[in-house]
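Asker: Got a structure for you, written out below as structure tokens; questions coming shortly.
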Amino acid sequence: MNGRERFKGFLNGEPVTRPAFVPLIRGLLARVEGMSMETLTSDPTLWVNGLMKTTQLFGLDGVVVGLDVTLMAEASGCPVTWEEDRPILMPLQGDLNEAPELTVGPDEGFLRVEAEVYGVWTSRIGGLALELRPYLRVLNALNRRDALFYHFDPYRNEGPVPLADLPVIPLLGFEVLF
């Protein structure tokens, strides 16, 4: 029985020959690899290879990997420095309660046209009323590069960054009501 089968059996309440050994190995990982935590956490390939090597070296059934607080901090705009192989999270600068003034938007202004053509057919099948409604919809018919959402991070960008640009999208479908 391998580690995965042992752990799955344990979770399913099945009898197992021994408990699964699944330790938290965050600090051990850097020692096995002979690298700093900063180096390991900054490279996903090194991190995964180190996890596999440590698991095989110690014959572990699985591993628990803690949350990478540096990833969350950097995504939130907090500066991260490293001292003695430990992350130091620095506080954000500026007044966080003050909303930045947004002066930049779409280059061409905002205009999106959407159109729909449909028909309705009704029928009765076995005493049951049935309505079939085929349709053709066109989203963003003018093909304007207007984003659905904009993201603004005052610590990384000077203005809003468009997310999820919407191209022309033709939709062909039908609705059935009964």
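Asker: Any idea what log10 I(q)/I(0) is at q = 0.13 Å⁻¹ for the chain, Debye with uniform C-alpha scatterers and no solvent?
Answerer: Log10 of I(q)/I(0), two decimals: -0.88.
Asker: At 7 Å along the Cα-to-beta-carbon direction for both Val32 and Leu132, put a label point, then send me their distance in nm to one decimal.
Answerer: A separation of 6.0 nm, rounded to one decimal place.
Asker: Plugging the Kirkwood radius over Cα pairs into Stokes-Einstein for the range 115-177, at a temperature of 25 °C and a viscosity of 0.890 mPa s, what D comes out in µm²/s?
Answerer: D, rounded to a whole number, is 164 µm²/s.
Asker: Excluding Lys53 itself, what net charge comes from residues whose Cβ is under 15 Å from its Cβ, given Lys and Arg +1 and Asp and Glu -1?
Answerer: Within the 15 Å Cβ shell, the charges total 0.
Asker: Net charge near Phe7: determine it from the other residues with C-beta under 14 Å of the C-beta of Phe7, scoring Lys and Arg +1 and Asp and Glu -1.
Answerer: +1
Asker: Tell me which residues come under 5 Å, amide H to amide H, from Trp82 once H is placed; ignore anything under 5 positions away on its chain.
Answerer: Close amide H contacts, sequence-distant or interchain: Ile88.
Asker: Can you pull the one-decimal nm distance between simple spin-label points at Leu111 and Glu175, each 7 Å off the Cα toward Cβ?
Answerer: Going by the 7 Å Cα→Cβ label model, 2.9 nm.
Asker: Moving on to the next point. Just to confirm a number: summing +1 for Lys and Arg and -1 for Asp and Glu over residues other than Glu74 whose beta-carbon lies under 14 angstrom from that of Glu74, what do you get?
Answerer: Local charge sum for Glu74: -2.
Asker: Over the Cα atoms of the range 3-89, what Rg and Dmax result, in angstrom?
Answerer: For the range 3-89, the Cα radius of gyration and maximum Cα-Cα distance read 15.7, 48 Å.
Asker: Right, something else. Counting only helical runs of four or more DSSP H residues, what would the 222 nm mean residue ellipticity of the chain come to if each run contributes -39,500 (n - 2.57) and the total is spread over all its residues?
Answerer: The helix contribution divided over the chain gives -7000 deg cm²/dmol.
Computed from the coordinates by the stated procedures, all read-outs in this text should not be read as laboratory data. All figures in this text were calculated on a predicted structure; none of them were measured in a lab. Here the Cβ is made from the backbone with ideal geometry for all residues, glycine too, and neighbour counts use every protein chain on show.
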